[in-house]
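Participant: Handing you this structure, nothing more for now.
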Amino acid sequence: MSRQSIGYLAQFITTLEENPRVPQLFRNGTPFLSTMCLAEHSPSFPDQLRTLARKAISDDVASERLKRALPNAHRSSSTSSALAQGTSSSITELQQHLARVLQPVARKYDLTLTAFRRVVHTGQVGQVSMSEECDSAPHPSPVTPTGNGPYSILAGTIKATMESSKFHNATQVVVAPSLLL
């Protein structure tokens with residue numbers, strides 16, 4: 001790899017770092033529903049965040065503020081970290097963001113930019129190609145309805161098992177709509 005290639009790569013990386021993709025927190029998504037569950041039932045959930053979460057149910061401004069606050073809440077809590085990282089998006093949205101952000105860099109250096117099998121910019125000096133590993137990026141799972149049906153059966157089974165267990169001191173189990181592995 002030549003010094004010039006390393007310079008191009010450094011510029012692409014710097015541009016990506018300066019233009020992060022902003023995730024969305026959809027009200028029907030698992031991260032939002034899990035946050036609502038924690039706000040309602042967790043005694044360790046911060047009161048200020050609890051109030052904001054309750055407002056976010058119907059207030060778009062509060063929802064935006066909640067999205068920004070989640071990564072800062074309970075840095076040591078794995079649940080909060082997972083919620084903060086679990087804001088919703090799709091592979092397609094991410095790919096479009098990468099192509100949109102990097103196109104001006106390719107244009108500036110007269111490079112051909114191919115983003116996920118699509119030529120975004122044609123240049124004369126060289127070529128940069130972005131692709132999925134093995135063309136198989138995992139897409140987000142569909143949102144499971146939590147109001148009734150299979151989820152209610154699963155949640156009821158978990159709750160009954162935990163509350164009747166001799167190994168857990170669990171008298172009021174709340175099952176959050178999320179699976180954190």
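Participant: Determine the distance separating the Cα centre of region 8-47 from the Cα centre of region 89-113; give it in Å without decimals.
Facilitator: Centre-to-centre distance over Cα atoms comes out at 22 Å.
Participant: Further question: For residue 157 paired with residue 117, estimate the spin-label separation in nm (one decimal), with each label point 7 Å from Cα along the Cα-to-Cβ line.
Facilitator: Distance between the two pseudo-spin positions: 3.8 nm.
Participant: Which order do the peptides 102-108, 39-45 take when ranked by the mean count of other beta-carbon atoms within 10 Å per residue, highest first? Before the final figure, lay out the partial values.
Facilitator: Values: 102-108: 17.4, 39-45: 13.6.
Going from most to least packed, we get 102-108, 39-45.
Participant: Okay, which of region 114-133 sit inside 20 Å, backbone N to the point 7 Å along the Cα-Cβ direction of residue 101?
Facilitator: 114-121, 128-133
Participant: Then there is this: Simple spin-label model, 7 Å along Cα-to-Cβ: residue 59 to residue 167 in nm?
Facilitator: 4.4
Participant: Taking the Cβ of residue 103 as the centre, find all other residues whose Cβ is under 13 Å away and add up their charges (Lys, Arg: +1; Asp, Glu: -1). Walk me through the numbers before you get to the answer.
Facilitator: Details: positive: 100, 107, 108, 118; negative: 110.
For residues surrounding residue 103, the net value is +3.
Participant: With a Förster radius of 41 Å, plug the Cβ-Cβ distance of residue 48 and residue 127 into 1/(1 + (r/R0)^6) and report the FRET value to the nearest 0.05.
Facilitator: Efficiency, from the Cβ-Cβ distance: 0.25.
Participant: Calculate, for residue 14 and residue 93, the FRET efficiency according to 1/(1 + (r/R0)^6) with r their C-beta to C-beta distance and R0 22 Å; round to the nearest 0.05.
Facilitator: E between residue 14 and residue 93, to the nearest 0.05, is 0.50.
Participant: Under a straight-distance cross-link criterion of Cα-Cα below 18 Å, which aspartates and glutamates are reachable from residue 159, leaving out those fewer than 8 residues away in the same chain?
Facilitator: 40
Bear in mind these aren't lab numbers, they're just calculated from the coordinates by the rules spelled out. Quick caveat: nothing in here was measured; it's all calculated off a predicted structure. Neighbour counts run over all protein chains shown; Cβ positions are idealised from the backbone, glycine included.
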